[in-house]
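Worksheet for the structure shown next.
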Amino acid sequence: MVDSPSAPSSNPAPLIRGQVPARRWLVRAAQLVAVALILVLAWKLLEEIGWRQLWLRMKGASGAWLFTAVAALVGRFFLLYFRWSLALGAAGFQPAWIPGQASQLAAVLVNHLTPTARVFGGVLRARFVSQQLGRPFAQIYATVLVDQISHQLVLGAVTWLCLIAVAAWLGFEGLAIGLGLGLVLVALGLTIWRQAARSDDARPIATLIGLKAERMGKRLGPLFAGGRELFRILRQSFSNVPLQVRMAATGIVIFALNVAAQWLVFESLGTPVRPLAVLSTIALGLAAGLLTGTPGGVATTEAAMIGLYVSLGVDSVDATAGVLLYRGIHYLLVLVLGLPSLVYCQVTTSRLRGTSGLAEEALPDSETPPVGSPPDSDG
């Protein structure tokens, strides 16, 4: 608990201002090096491709197979909101399906337009749903964090398992064993962390969040100011084993739909690719796009996937055609579904603000709404 908000904080401020930018620049530099390396390697692989041949290859894809791939990717987008709705429901929030789904699709679009850490989409959907429900932003954002952490855990586990499989496939048994032991240690560490988060000894984390709120000022101060409530929901959610199992299972289905869509794209080209190769490439390609920080993983994900397919024995023209079709459909769906959803969220938010302003003007000066009174049934 912070006893004196006005306590002098001028001493650590120069240290914070001096350290954060340096660390940020180091991360950006590492990301740029990774992006450059991936793109150079991909260009070396694609130097000998006849681009007219590639276009003809993509043009000859079977429409029926591609339509099925589109259906799989659309289903994946709707499952994203289903997973988040599990976290919302466990925390006691029940937003209407259309606003909730629209905020999820708008968040996907925003995350594909912003580089580096993809946090803006999560803030957008939490802000919109909190306004819809009339609940504090920190409470809804806590469920967003639960959803995002679940997503990263599933993606990380699948990617790690794929690394083990690829290492064993290529004959690097020692590396595969080392990666397997590392996965066991990480799982053990997460188990210990989960047990610690369930105890009252974890309350200092909420205190740190409160201290952070003082330094954030007007930017994210309101979020961190509600840190205790946020942390309470996080602890409650990660202590709920059935909830975590359902969310993880949904995440696995979402990933499986990605793999199925890519496999169907290869089938549309008449180029059968082994499911294990598709699974490993999707996992490692998504990880490459996430780590390099390009908007939506553009360029780096495609380059990494093409390189992996070629290394696993897929013809370079077929690999390039399959990846470009798969990722092209993905980006097209992000725009087609995300843009209307973003407009809907913006219009609805403006309408809610206008209604709230009119209600405040209509309230007589002598009357004040009772503290803690529930909202009217009309919203």
Residues of segment 114-124 that turn out to be more than 12 Å from the chain's Cα centre (by Cα) and either at pLDDT 85 or above or of a type in the set (Phe, Trp, Tyr) (or both), as a count: 1
Residue within segment 214-226 that is in contact with a Lys or Arg (Cβ under 7 Å, 6 or more places away or on another chain), in a helix (DSSP H, G or I), crowded, with 16+ Cβ neighbours inside 10 Å and at pLDDT below 70 present: yes
Test set (1) farther than 29 Å from residue 310 by Cα; (2) of a type in the set (S, T, N, Q); (3) modelled with pLDDT under 75 - residue 101 fails condition number: (3)
Residue match in segment 75-88 (condition: surrounded by 18 or more Cβ atoms within 10 Å (Cβ to Cβ), without any contact (Cβ under 8 Å) to a residue 40 or more places away in the chain, farther than 23 Å from residue 236 by Cβ and in contact with a helix residue (DSSP H, G or I) (Cβ under 9 Å, 6 or more places away or on another chain)): no
Output for segment 300-317, where each listed residue is more than 14 Å from residue 166 (Cα to Cα) and either under 29 Å from the mean Cα position of the chain (by Cα) or of a type in the set (A, V, I, L, M, F, W, C) (or both): 300, 301, 302, 303, 304, 306, 314, 317
Test: residue in segment 342-351 that is of a type in the set (D, E, K, R), more than 22 Å from residue 73 (Cα to Cα) and at pLDDT below 85: yes
Filtered residue count, segment 274-303, keeping only those that are out of contact with any Ser or Thr (no Cβ under 8 Å at 6 or more places or on another chain), crowded, with 20+ Cβ neighbours inside 10 Å, aliphatic (A, V, I, L, M) and modelled with pLDDT under 85: 1
Among the residues listed as 175, 183, 170, the single one being under 18 Å from residue 255 (Cβ atoms) and at pLDDT below 85: 183
Scan of segment 255-273 for residues that are among the polar types (S, T, N, Q), within 26 Å of the chain's Cα centre (by Cα) and surrounded by fewer than 23 Cβ atoms within 10 Å (Cβ to Cβ), ordered by number: 258
Given (1) under 16 Å from residue 151 (Cα atoms); (2) modelled with pLDDT under 95; (3) among the polar types (S, T, N, Q); (4) over 12 Å from the mean Cα position of the chain (by Cα), index of the condition residue 111 fails: (4)
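The values are calculated or read from the model by the stated rules, or taken from the named source; none is laboratory data. Fair warning: this is a prediction, and the values are worked out from it, not measured in the lab. Cβ sites come from the backbone with ideal geometry, for glycine too, and all protein chains shown count toward neighbours.
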